[in-house]
């Protein structure tokens, strides 16, 4: 042991050896302390919801279909989405097509990212409700208010509903049969 200490003491310390020693020591400490066995997996991704255009007039007993598609910015297999709604004005029923009738402020699990809702008016008043879609990671929920005006026969100038004439294409195409 004494010879090893004598050899270490006999080593001449030059600036290159001094800074080299510190560079190797720093690299060794950095390499050993930066190791982490934990894998960072992002589970929560922001998402948007696309809604297809829909009519804004509704009468008592009439049903309007609302089509939705959830578009997340990333893809995590275990993400679940829920839907809930709150009706401000009017009276009606909101139902998932091929699913349950929604109850005010009760969350319902969505089975697919593409789904449809049917809103059936139970009154001739104006209808207004808020739809909220959330994921199971608590990211910012998506919200949209839907408004439908009550429509009666007095809304149209004819007094008996809208009369539509024949539909004529702008650029008619003549199909001929090759013989």
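The values are calculated or read from the model by the stated rules, or taken from the named source; none is laboratory data. None of these values were measured; they are calculated from a predicted model. All Cβ positions, glycine included, derive from the backbone under ideal geometry; neighbour counts span all protein chains shown.
Below are the figures for this structure:
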| item | result |
| --- | --- |
| Unmet criterion (only one of (1) over 16 Å from residue 147 (Cβ atoms); (2) surrounded by fewer than 14 Cβ atoms within 10 Å (Cβ to Cβ)) for residue 53 | (1) |
| Subset of segment 108-141 (residues that are modelled with pLDDT of 90 or more, assigned to a loop (DSSP other than H, G, I, E, B) and closer than 14 Å to residue 83 by Cα) | 111, 112, 113 |
| Residue in segment 30-42 that is surrounded by 13 or more Cβ atoms within 10 Å (Cβ to Cβ) and either part of a strand (DSSP E or B) or at pLDDT below 75 (or both) present | no |
| Condition check for residue 75: loosely packed, with under 12 Cβ neighbours inside 10 Å, more than 16 Å from the chain's Cα centre (by Cα) and outside any strand (DSSP E or B) | no |
